[in-house]
Structures are given as C-alpha cells and as structure tokens.
Ligand code: GLU
C-alpha cells in the first residue's frame with residue numbers, strides 16, 4: 001500500500017475556526033498513526049479576501065494546538081503558473097471553453113429558467129462557439145457527456161451519486177484570469193500526491209465536479225472522507241452567536257491546547273466511552289471508521305470540564321509559564337511575587353481556566369488585601385487582634401507551608 005498523504009487546506013480569510021481545527025486534527029492524527037504525511041496548504045487564490053494577518057493567525061493556531069505539518073505550508077498564490085498551464089491543457093483538449101456571456105445575460109437566463117420551473121444552470125450557449133471576440137471571458141469546464149452520473153464512496157458518508165443533469169459547466173477561471181477553487185484544489189491535491197481528502201462536509205457537493213476534473217486532467221482520483229459539521233446547542237451551524245468559535249480566542253480565555261484537542265476530537269469521533277485522550281493516545285486510537293455520520297453539538301461546559309481536568313493534572317512548572325501572560329494582563333509582574341510554581345499548585349484544584357487561575361493568584365501579589373466587607377466585619381474584630389499577631393509570628397517561623405502541614409495545629413498552646 002502506498003504511503004498515506006493527507007492535507008489541511010484552509011482559506012486565509014479569517015481566524016482558524018474550531019471546525020477547521022478539528023478537520024486539521026483528524027488529518028494530523030491519521031497521518032501520524034499510519035506514518036504518512038500531513039501537508040498544509042494555504043488556499044489564497046481569492047486575492048481580495050485573503051490576508052497575511054489571517055495566514056499568521058491560522059499558522060499560530062496550528063502551532064498552539066501542536067499540529068505541525070510534515071510538508072508546507074504551500075501557498076496557492078505562488079502556483080498560478082501551474083494552474084494556467086493546466087487550464088491551457090483543458091482548452092487545447094476541448095475539455096474547457098471560453099464563455100463570453102455577461103453577468104446581465106446570465107442573470108436574465110437564470111430568471112427565465114426559474115420562471116419556467118427549470119433548474120437555473122448555465123445553458124451552454126458558448127460551448128461550441130469558435131470565434132474569440134475581444135471581450136472579457138471566463139473559462140468553463142465542459143461537463144463530460146459520455147456518462148450520466150458520477151459516483152464515489154465516501155469513507156464517512158458512504159456511496160454518493162450525482163446525476164450530471166444536476167450539474168452545469170463549471171467556471172474554472174474568472175474574468176480577471178484567476179483560477180477558481182474547484183480547479184486548483186484538484187490540481188494541488190493531485191500534484192501533491194494526496195490520496196485521502198479529509199474535509200468538512202460543506203464541500204461534499206463539490207466532490208463530483210472535482211472528480212470529473214481529476215479525470216479530465218488525467219489524475220488518479222483520491223479517496224474522500226467528509227466530516228460532519230459542528231452545530232450549536234440550537235442545532236444550527238456553529239457560529240459566533242453560540243460563543244467563541246476561534247481557536248485562539250480559547251487560548252485568550254485561558255484554555256489549554258490539550259483540552260481543546262481532546263474536546264474537538266471527541267466531537268464526532270468516539271472510542272468506547274473513554275473521554276480523556278492525550279495526543280499520543282489519539283495517535284494510537286484514532287480511525288476514520290469511528291467518525292460518526294451526523295453532526296456534533298458543541299458543548300462549552302464539557303470543554304470547560306476537560307480544561308479543569310488538564311489544569312488539575314498538569315505539570316505545575318509548565319502551567320506557571322503559561323500563567324505569566326495572564327498575570328501580566330492583570331498588571332502583575334510574576335517575578336515580583338512568591339514562587340509561581342507554588343502559587344500554581346495551590347490553585348490547580350479549583351481553577352478551570354488560566355484566567356481563573358490568574359484571578360486566584362492576584363492575592364499572592366497584592367501589597368494590600370481588600371477584604372470583603374461582610375467577612376471583615378464578622379471576623380476582624382479588635383478583640384481578635386492579639387490572636388492574629390500570634391498567628392503572624394508563628395507563620396513567619398515556617399519557611400515553607402506545605403499543604404500537609406496546614407491541617408496540623410500550628411499554634412503551640
Ligand atoms: N479552502 C477550503 C476551505 O477553507 C477547503 C478546501 C478543501 O478542503 O478541499 O473551505
């Protein structure tokens with residue numbers, strides 16, 4: 001069997017969404033498990049919507065999650081020559097043609113089709129034209145007429161068939177000369193030797209068209225595994241309305257990457273009734289066969305529960321390092337206070353996030369402690385002053401206060 005080659009191919013038009021992160025994770029895990037290769041490709045052909053800021057945000061998020069790629073990142077914007085060459089090939093072989101229909105003409109045709117109760121699709125009027133007027137044009141892929149349908153067996157969804165009468169001649173190059181997604185994704189996946197495409201099921205409708213393009217370009221068709229969407233509690237597609245959807249916002253909210261990884265992998269994949277998985281466990285246990293067909297519902301409480309688990313069981317030295325920026329954000333200089341590792345140890349049991357831990361830790365760094373008014377009135381009474389003085393003196397004699405000593409009587413009678 002040939003080496004498994006998978007890829008994650010984000011479009012840099014925003015931050016890395018938790019759904020994208022889960023797709024990346026599935027690809028990464030399978031590649032690691034099968035000693036294959038995980039390729040990262042930035043799909044930035046849409047020049048107007050792609051930004052460097054978004055590329056950086058995606059790369060940062062991937063690094064934070066620990067999903068380093070074996071090859072890449074590759075940038076589609078650096079591969080336009082290759083795409084042009086392939087479009088030329090399709091034109092020369094009569095598998096693509098120039099379409100000079102204007103936007104107004106296409107709109108009118110669409111309206112007329114809808115009025116007649118026909119499916120609004122391109123009617124192919126430029127298919128057989130031989131002139132080349134001096135006017136803007138797009139390039140369309142000629143839908144093959146020798147077959148009536150295209151079928152593939154998705155590794156998650158099973159067999160999927162589309163009748164060609166449902167499809168029309170796809171635009172593969174825009175008027176400005178830039179190639180479109182369906183063309184470049186096929187060229188790149190084929191040229192990069194990708195043999196299993198794992199991606200969100202929002203692309204499932206594109207797959208039959210892409211298969212036709214693989215065939216037209218003489219490429220081997222890869223296998224496909226379309227991962228179901230992530231939904232919000234109301235069963236609608238997960239969006240900002242449901243809370244944070246950006247991976248890096250979870251970092252800012254004080255989540256640990258291992259908690260998010262653990263949470264995302266379980267959204268749509270299961271292994272018996274186990275809930276806690278380290279990255280190594282996942283690499284050993286992950287398989288496409290256990291990815292469910294239906295969409296997973298994002299549950300913020302479960303993510304929080306996992307985060308408290310990883311904080312509770314985490315290495316205090318590492319947590320202390322991770323805590324520093326959260327303290328700094330509160331105006332606290334971590335070096336100016338007590339041993340930070342000891343601070344972390346004292347808070348691991350009760351902080352669910354690093355933000356909560358920083359809030360709890362602020363006490364250790366404060367020169368002046370503001371007591372809650374009600375508690376102060378109840379406990380800090382003048383007649384107790386002498387008692388507190390004894391406690392302070394005694395505590396000063398204890399260099400370190402181990403947890404085990406806390407419950408022992410501190411004051412000698
Ligand atoms: N660039 C596409 C997207 O971000 C993904 C393409 C693919 O995985 O085939 O939606």
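Its residue count N sets the reference 2.2 N^0.38 Å, and the alpha-carbon radius of gyration of the stretch 136-215 equals 1.14 times that reference. Ordered by the count of other Cβ atoms within 10 Å of each Cβ, fewest first, 131, 46 give 131, 46. For the stretch 274-337 versus the stretch 58-73, the spacing of their alpha-carbon centroids is 17 Å.
Counting only DSSP beta bridges whose two residues both lie in the stretch 107-226, roughly 70 percent are antiparallel. Only Cα pairs under 8 Å and 6+ residues apart enter the sum, and on that basis the relative contact order of the chain stands at 14 percent.
Cα axis of helix 257-266 to longest principal axis of the chain: angle in degrees, 0 to 90, nearest 10? Roughly 50 degrees between the two axes.
Seen against the Cα atoms of the chain and their longest principal axis, helix 80-92 is set at about 30 degrees. Note on 45, 180: ascending count of other Cβ atoms within 10 Å places them as 180, 45, the fewest first. Counted over the chain, the DSSP beta bridges are approximately 55% antiparallel. Scaled to the globular estimate 2.2 N^0.38 Å, the Cα spread of the chain, given as radius of gyration, is 1.35.
Taking the C-alpha atoms only, the angle from helix 52-65 to the longest principal axis of the chain is near 60 degrees. Suppose R0 equals 45 Å. What FRET efficiency, 1/(1 + (r/R0)^6) with r the Cβ-Cβ distance, do residue 175 and residue 364 give to the nearest 0.05? The calculated FRET efficiency here is 0.10. Between residue 2 and residue 273, the FRET efficiency from the beta-carbon distance, with R0 = 25 Å, is close to 0.10. Ordering 240, 86 from the fewest to the most neighbouring beta carbons within 10 Å gives 240, 86. Per-peptide packing, taken as the mean over residues of other Cβ atoms within 10 Å, places 65-73, 53-61, 17-25, 253-261 in the sequence 17-25, 253-261, 53-61, 65-73 from highest down. In this simple spin-label model, placing a label point 7 Å from the Cα along the Cα-to-Cβ direction at both residue 215 and residue 82 gives a separation of 2.4 nm.
With Kirkwood's inverse mean 1/r over C-alpha pairs for Rh, give me the Rg to Rh ratio of the stretch 230-374, two decimals please. List each step's numbers first, then the result.
Numbers: Rg = 17.8 Å, Rh = 17.0 Å.
Rg divided by Rh gives 1.05.
Normalising the average separation of contacting C-alpha pairs (under 8 angstrom, six or more residues apart) by the number of residues puts the relative contact order of the stretch 262-413 at 17 percent. Stokes-Einstein diffusion for the stretch 209-301 at 25 °C, viscosity 0.890 mPa s, with a Kirkwood radius from C-alpha pairs, works out to 157 µm²/s. Rg/Rh, computed from the Cα trace of the stretch 201-257 with Rh as the Kirkwood radius, has the value 1.20. For the peptides 88-95, 164-171, the ranking by packing is 164-171, 88-95, with the highest mean count of neighbouring Cβ atoms within 10 Å listed first. Using a simple spin-label model with pseudo-atoms 7 Å out from Cα toward Cβ, residue 244 and residue 75 lie 2.9 nm apart. Remark: the stretch 291-379 is approximated by an ellipsoid whose semi-axes, taken from the C-alpha gyration tensor as √(5λ), come to 31, 18, 11 Å, largest first. Relative to the globular-protein estimate of 2.2 N^0.38 Å, the Cα radius of gyration of the stretch 71-162 stands at 1.42.
Computed from the coordinates by the stated procedures, all read-outs in this text should not be read as laboratory data. These numbers come from a predicted model, not from an experiment. With ideal geometry, Cβ positions are generated from the backbone for all residues, glycine too; neighbour counts draw on all protein chains shown.
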